[in-house]
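Heads up: the structure comes next, in structure tokens.
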Amino acid sequence: MLQTFSMYIKPFEQERDVTVYLPRRYHDEDKSYPVLYMHDGQNVFEDSDAVGGRSLGLREFLELSGTEAIVVAIHSNLSSEQRGAEYRPWLNADGGNGKGEAYIDFIVEKLKPFIDQVYRTIPDQTSMAGISLGGLLSLYAACRYPHVFQKVACVSAYLDQLESLEQLILSSDLSALQKVYLDCGTLEGENAAQHQFFLESNQAIYARLQNKVENVTFDIIEGGKHEYTYFKERVPAVLSFFLDKDCRIRLRADDFTTVWESPMSL
């Protein structure tokens with residue numbers, strides 16, 4: 001169900017792993033599927049691959065729910081400094097970062113055509129999702145290429161380039177963008193000021209998008225922290241939003257049953 005390959009990112013002069021999830025009936029049916037692109041790919045599918053040992057657990061969820069979509073997870077640079085540079089579209093005041101434009105162009109111009117050629121995709125049903133700075137990058141991608149990424153999810157987006165993003169949203173034609181999902185926990189940072197920054201910046205982007213996109217959802221997660229334990233809980237909400245269906249499922253482990261369900265009402 002998972003296939004991993006490497007692809008060269010020319011602007012970064014670096015090979016990068018990409019892991020692709022194929023639906024469980026992919027090889028049994030002659031059927032094409034929508035595609036979801038995700039950042040921080042090593043943290044998407046399994047805990048054994050994740051930095052810090054915590055992932056979204058998406059492989060288990062997709063298999064148990066029978067989700068009919070291809071997921072393309074692009075691994076991030078394991079250097080936190082380089083990850084920050086690649087996931088921020090604009091230069092900071094000190095001239096640092098700002099490689100996000102090249103990264104998104106790589107996805108659109110090289111990775112997506114490769115995926116559409118090798119796998120049975122529906123090329124015009126393409127979405128993107130990201131966490132933290134990956135959320136910032138996904139919003140940027142939606143504004144740059146709204147005809148490519150029609151649906152975008154931003155989980156606990158860290159919007160430290162808020163002013164530039166707001167200006168991009170205001171100046172972009174987002175009529176082709178179908179859906180945007182935003183969420184934010186009330187305890188995202190390390191102190192009250194950071195908690196407030198996360199909430200206020202996400203609320204500001206939500207307000208901007210409401211005037212540009214017909215379907216925008218913003219969910220505030222009470223007690224939600226900036227940790228994968230909390231991000232994982234929103235997987236059903238994100239997939240429900242993308243797929244227009246209820247993605248709640250029951251997971252069995254040994255002698256107990258838990259419900260893995262969306263924290264939001266869809």
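For the structure I just gave you, tell me whether SER138 is hydroxyl-bearing (Ser, Thr, Tyr) and in contact with a strand residue (DSSP E or B) (Cβ under 7 Å, 6 or more places away or on another chain).
Yes, satisfied.
Which number in (1) closer than 27 Å to ALA50 by Cβ; (2) open to solvent by less than 60 Å² (accessible area, probe 1.4 Å); (3) acidic (Asp, Glu) marks the one condition that ASP116 misses?
(1)
I'm checking my understanding of the structure. Among residues of the range 123-139 that are among the hydroxyl-bearing types (Ser, Thr, Tyr) and open to solvent by 10 Å² or more (accessible area, probe 1.4 Å), which one is farthest from ALA85 (Cα to Cα)?
Here the residue is SER127.
From GLU166, GLU200, grab the single residue that is open to solvent by 10 Å² or more (accessible area, probe 1.4 Å) and touching a residue at least 12 places away in the same chain (Cβ under 8 Å).
GLU166
Have a look at VAL216, VAL235 and point out the one that is open to solvent by 20 Å² or more (accessible area, probe 1.4 Å) and either under 17 Å from the mean Cα position of the chain (by Cα) or among the acidic types (Asp, Glu) (or both).
VAL216
I'd like the residue in the range 64-91 that is touching a strand residue (DSSP E or B) at 6+ places or on another chain (Cβ under 6 Å) and farther than 20 Å from VAL18 by Cα and, out of all such residues, is modelled with the highest pLDDT.
LEU64
The values are calculated or read from the model by the stated rules, or taken from the named source; none is laboratory data. Computed from a predicted structure; not experimentally measured. When we count neighbours, we look across all protein chains shown, and the Cβ atoms used for this are built from the backbone with ideal geometry, even at glycine. Accessible surface is based on the protein model in full, side chains and every heavy atom, while ligands, DNA and RNA are left aside. Shrake-Rupley method; radii C 1.70, N 1.55, O 1.52, S 1.80 Å.
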